[in-house]
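> First the structure, then my questions, so here it is.
The values are calculated or read from the model by the stated rules, or taken from the named source; none is laboratory data. Small disclaimer: the values here were computed from a predicted structure and weren't measured. Here the Cβ positions follow ideal geometry from the backbone for every residue, glycine too, while neighbour counts run over all protein chains shown.
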Protein chains: 2
Amino acid sequence: MANPLFERHEATLQQALNAIRERGYWTPYPETPSPKIYGEAAADEGRTRFEALLGSTFDFPGQPPASGLVGSERSPYSGALNIRYPRFEVDTLIAASSAALENWRQAGPEAWVGVSLEILARLNKHSFEMAHAVMHTTGQAFMMSFQAGGPHAQDRGLEAVAYAWREMSAIPAASSWSKPQGKHEPVVLQKNWKIVPRGIGLVIGCCTFPTWNGYPGLFASLATGNTVIVKPHAGAVLPMAITVKIAREVLQEAGFDPNVVLLAANQSGEPLASKLAENAAIKLIDFTGSRKNGEWLEANCRHAQVYTEKAGVNTIVIDSTHDFKGLSRNIALSLALYGGQMCTAPQNIFIPAGGITSAEGHLSYEEVVAGIVSAINGLTADPAKAVEFLGAIQNPGVLARLEAAQKLGQPLLDSHAIAHPLYPEAVVRTPLLRALSVQDQAIYQEEHFGPIAFVIKTSSSAESLAIIEDTVRKHGALSFSVYSTDATVQQQAQAVAEHACVSLSLNLTGSVLVNQSAAFSDFHGTGGNPAANAALSDSAFVANRFRVVQTRRFA
Amino acid sequence: MANPLFERHEATLQQALNAIRERGYWTPYPETPSPKIYGEAAADEGRTRFEALLGSTFDFPGQPPASGLVGSERSPYSGALNIRYPRFEVDTLIAASSAALENWRQAGPEAWVGVSLEILARLNKHSFEMAHAVMHTTGQAFMMSFQAGGPHAQDRGLEAVAYAWREMSAIPAASSWSKPQGKHEPVVLQKNWKIVPRGIGLVIGCCTFPTWNGYPGLFASLATGNTVIVKPHAGAVLPMAITVKIAREVLQEAGFDPNVVLLAANQSGEPLASKLAENAAIKLIDFTGSRKNGEWLEANCRHAQVYTEKAGVNTIVIDSTHDFKGLSRNIALSLALYGGQMCTAPQNIFIPAGGITSAEGHLSYEEVVAGIVSAINGLTADPAKAVEFLGAIQNPGVLARLEAAQKLGQPLLDSHAIAHPLYPEAVVRTPLLRALSVQDQAIYQEEHFGPIAFVIKTSSSAESLAIIEDTVRKHGALSFSVYSTDATVQQQAQAVAEHACVSLSLNLTGSVLVNQSAAFSDFHGTGGNPAANAALSDSAFVANRFRVVQTRRFA
């Protein structure tokens, strides 16, 4: 008998499987926060739910014994959230997760996938509540919080579930193995294969895209029969706490121990993630965060499969264009969006000293820079509009980095503060643009996460591309954007992308930004450069989260 | 236009894809060394070819500059082979492999898979020559050398190619991504995906099954566009030298640099494998060998994807049986086959102190032991027949281990020497059987590779199973065999198999041995216990050997 949750969502799963095969545009979770789609009351309900959480104490029915309360989140818009979460000791978490694993592992792929799909469907219904939670932890503006924190994150979760199902369903449950023996009767063995999970998965979250970066690992592990401990960033607990709460409700309704999914919240500064990761019972780790922490996990947690997304240095090459205005606007928005606090945001812009060819004729280096500066200024001129894509600076570290960057190279465009019309406390900054020379590798080959970009004047696009290949090989990248009308340069860029193993966007103008990565179509990261050791999502991301145990016997 | 080699073998590939999906019996490479199948002249030609290699100097047309010659192989049957191979310095190998990579990586999946399939087809035609090469390096008897060294190894190679193709062909080459924009025109992006290899793969071979254990990694890496450096065990170079020679011929005929596949032979004792593995240009490592060396690679070569098959402790539980004679004969042959020099050979036999139930009524512990002893004695009574499955001891280390084991626990059956009727120099030994108590974990939880087995008397099958779960979790296993007619014990054994992540064989009698693992059906290893970190073959074994680089642009 098929699992009822699996049956309920099987059509969606089939569409997702088709989507990852075709890789065209598809989503079951509309990105528009429209009352026509989500219901007339959804927006208000979501806000009310979020507001009810402020100042409250989270608890999870069926949770293991807590040893206290933690909570140190601050809204980048409005200050302390005053939400408290239970504190669980590492041993308590491991014991509860291990205990929950015993029934969960027996349930099998249809149940694991059915439960995962039901959780995603409910998360979608909570997209407004989630939007506020993401906005008031990450500092993203509302629309981005809704889209990236809600439907787009759900897409990435569903994508991981689809890959998991594709790999698991390729293993038959049983087979008759009949080996001919010449004139004698064949030897016949009855064989059975059982998918077994690795054990306990740990998801270590970040403070800028807690759900978008957290869901792939969470759902890849869950859909392959593992239990999951979610360790959110201390600065962005709420989005994952809401997620865990919904997951536990679905698990409990489906007859499973809700501790299959646990939240491990900590006070800012407490080293909970590393303590959990070091525990030998943790068999899978999904991490988004700094290069230092990611490399520590890779080096020290070899008892687990470790999937990391770390830092990278994203670049734009401007060689030539048919649409300089479109180029300038597109780059300006790429730099401004969420104050550059995106792992895909471009940082280094390479422009040849001799300028570029464009539909408007030749443009000097200075004219190209001026075009981009002007586009940024135009974009950020109206504070009320600007805050809707700039968002707020998530934490003082970003602000400190921005201040430090103001001393690097030569000035092109200063960053300035924008007063948020609704939230006087919000720290909103426009992009900083500094000029560097090609000799300044020590500066531009490092990630300066935040509203910080560098223009690097090179002798030619060939030099730009050579520097980028070197940079990406050594320091990683999640995006690479090239503007060129020259087929040879396009081919050279393609070769650099293939050799350094980074995805390439060509001549983006209009509404599609290099920062954006669409589930079911764009692989996020390649897993082939230092920015990330895995791609979201592909077979390699899921296929080692489970193993197969065979039983054979004479028929 | 399709690749001609791909087209030539596409039907075989499709059958292999079907086989890994259905997992019934299938092979395109017959295991019977019959003149009706391989041709009337094949056996003689194979022997002649092998004999012509003895005392010769191998060279590889198109090879990079050699710095000398190496060669220290000895036939376990007839002494020194006196074959010399070119010595290449590490830098030479890396440079030649890197240079060959540039064209190879551009050729694409059809070419990689087509070349791989042509190599396998030619290897099949060389199965007799390979049989002699495997026999006179590993010490396997001729029939096993033919089967395991030839067709069964080719099966495992083809299986890896099939998985590689399945994963690569699931990535579309191109797609049109069309995102609706309400009343406006959709945003349309043209997207392309290119499979890119990791780089250079290193295959580190063993001296007992150089081709069977070497082909999966070799073909998994080659079929996903990587170049490969084969570093065979210094004691079993010839089988992989023949393989590399054939691979290079195919590559050259297909227009590629033959250095896509290189042989890195060394003199016994020279640390070439670790030097190669440490080189940052090596991106994939496939290793079969000792736990110590495997763990060193895993810990120290994090610049590469490392796939290891190391040591394990394989066990048999005797609980009850319908066919005690069949059980005894089957276990006797499992212990005797190739002198226990198989990674899947059982070592520990658990028998309850109170004896077992059987079709013949209750059998005491002593009677069960006596039955197995008697079966071994019967099997090995006729030297001329016995050498045909015992083979010869591969190296003095195995013999030393056997001698040391003669002092462990209490005697049940002594190992004795058998004179080989044709090869007076061959060291042939019958299985040693010693009795241990459950307290002797320090002995039986360690691998004693060779014709060494222990009988461990337990209070019950439940105790036997508990010990095994602990042993496999800590020390790994590649096989696990249980004899029981009791459904409860079978279920308990299944639970142990699933928790310790080891495959289970139930009630094997007759010709199927627990040692045997059939490609396209049996996964070899689970990748979930310490014996091996990967299974041969599954998606996880291939999916991370390549990455995908995307290019997107406005349509």
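> Can B:Gln147 be described as within 14 Å of chain A (Cβ to nearest Cβ), surrounded by fewer than 24 Cβ atoms within 10 Å (Cβ to Cβ) and part of a helix (DSSP H, G or I)?
Taking the combined requirement at face value, the residue satisfies it.
One line per residue, one yes/no per condition, for (1) aromatic (Phe, Trp, Tyr); (2) farther than 23 Å from A:Val260 by Cβ; (3) in contact with a strand residue (DSSP E or B) (Cβ under 7 Å, 6 or more places away or on another chain):
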| site | (1), (2), (3) |
| --- | --- |
| A:Arg84 | no, yes, yes |
| A:Val90 | no, no, no |
| A:Glu102 | no, no, no |
| A:Gln106 | no, no, no |
| A:Val115 | no, no, no |
| A:Asn124 | no, no, no |
| A:Phe128 | yes, yes, no |
| A:Val134 | no, yes, no |
| A:Phe142 | yes, yes, no |
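> Can you tell me which residues in region A:416-466 are closer than 20 Å to A:Val368 by Cα and surrounded by fewer than 22 Cβ atoms within 10 Å (Cβ to Cβ)?
Across region A:416-466, the qualifying residues are A:Ala435, A:Leu436, A:Ser437, A:Val438, A:Lys457, A:Thr458, A:Ser459, A:Ser460, A:Ala462, A:Glu463.
> Do we find a residue being polar (S, T, N, Q), more than 18 Å from B:Ala241 (Cβ to Cβ) and over 39 Å from the mean Cα position of the chain (by Cα) anywhere in region B:180-187?
yes
> Can I ask one more? Inspect region B:372-395 for any residue being surrounded by fewer than 14 Cβ atoms within 10 Å (Cβ to Cβ) and more than 23 Å from B:Ser511 (Cα to Cα) and give the result as yes or no.
No, every residue in region B:372-395 fails to be surrounded by fewer than 14 Cβ atoms within 10 Å (Cβ to Cβ) and more than 23 Å from B:Ser511 (Cα to Cα).
> Using the structure shown, decide if A:Ala170 is among the hydrophobic types (A, V, I, L, M, F, W, C), more than 30 Å from A:Glu388 (Cα to Cα), in contact with a helix residue (DSSP H, G or I) (Cβ under 7 Å, 6 or more places away or on another chain) and within 11 Å of chain B (Cβ to nearest Cβ).
The answer is yes for A:Ala170.
> Another question about this same structure. Given region A:356-413, what strands (runs of 3 or more DSSP E) lie entirely inside it while holding 3 or more residues that are more than 16 Å from A:Leu335 (Cβ to Cβ) and of a type outside the set (Ser, Thr, Tyr)?
Filter on region A:356-413 gives A:361-363.
> Of the conditions (1) of a type outside the set (Phe, Trp, Tyr); (2) more than 20 Å from B:Val90 (Cα to Cα); (3) free of Cβ contacts under 8 Å to residues at least 24 places away in the same chain, B:Gln190 fails just one. Which one is it?
B:Gln190 satisfies every listed condition except (3).
> For B:Phe142, state whether it is aromatic (Phe, Trp, Tyr), in contact (Cβ under 8 Å) with a residue 40 or more places away in the chain, surrounded by fewer than 24 Cβ atoms within 10 Å (Cβ to Cβ) and more than 14 Å from chain A (Cβ to nearest Cβ).
In short, yes.
> Return yes or no: is B:Ser328 touching a residue at least 24 places away in the same chain (Cβ under 8 Å), touching a strand residue (DSSP E or B) at 6+ places or on another chain (Cβ under 6 Å), crowded, with 20+ Cβ neighbours inside 10 Å and not assigned by TED's automatic domain parsing to the domain that holds B:Pro216?
No.
> Looking at B:Pro258, is it modelled with pLDDT under 95 and more than 19 Å from the chain's Cα centre (by Cα)?
Considered against the rule, which asks whether it is modelled with pLDDT under 95 and more than 19 Å from the chain's Cα centre (by Cα), B:Pro258 comes out as no.
> What residue, among those in region A:17-41 that are in a helix (DSSP H, G or I) and within 14 Å of chain B (Cβ to nearest Cβ), is nearest to the chain's Cα centre (by Cα)?
For region A:17-41, the residue satisfying everything is A:Ile20.
> Just one of the numbered conditions (1) in the same structural domain as B:Gln190 (by TED's automatic domain parsing); (2) without any contact (Cβ under 8 Å) to a residue 24 or more places away in the chain; (3) among the β-branched types (Val, Ile, Thr) is not true of B:Thr488; which one?
(1)
> Please indicate, with yes or no, whether at least one residue in region A:300-308 is away from every other protein chain (no Cβ under 14 Å), outside any loop (DSSP other than H, G, I, E, B) and surrounded by fewer than 17 Cβ atoms within 10 Å (Cβ to Cβ).
no
> Keeping to region B:514-555, report how many residues are under 12 Å from the mean Cα position of the chain (by Cα) and at positive phi.
1
> Under 26 Å from A:Gly528 (Cα atoms) and in a loop (DSSP other than H, G, I, E, B) - does that describe any residue in region B:233-240?
no
> Further question on the same structure: Could you count how many residues in region A:180-203 are more than 24 Å from A:Val306 (Cα to Cα) and either touching a Ser or Thr at 6+ places or on another chain (Cβ under 9 Å) or small (Gly, Ala, Ser) (or both)?
10
Conditions (1) buried (at least 22 other Cβ atoms within 10 Å of the Cβ); (2) over 18 Å from the mean Cα position of the chain (by Cα); (3) in the same structural domain as B:Glu40 (by TED's automatic domain parsing), marked per residue:
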residue	(1), (2), (3)
B:Arg87	no, yes, yes
B:Thr92	no, yes, yes
B:Asn103	no, yes, yes
B:Phe128	yes, yes, yes
B:Val134	yes, no, yes
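> Report the residue count in region A:255-292 for those that are outside any strand (DSSP E or B) and either in contact (Cβ under 8 Å) with a residue 60 or more places away in the chain or surrounded by 24 or more Cβ atoms within 10 Å (Cβ to Cβ) (or both).
Matching residues across region A:255-292 total 20.
> When you scan region A:32-41, do you find a residue that is charged (D, E, K, R) and either closer than 26 Å to A:Asn395 by Cα or surrounded by 13 or more Cβ atoms within 10 Å (Cβ to Cβ) (or both), even just one?
The answer is no; no qualifying residue exists.
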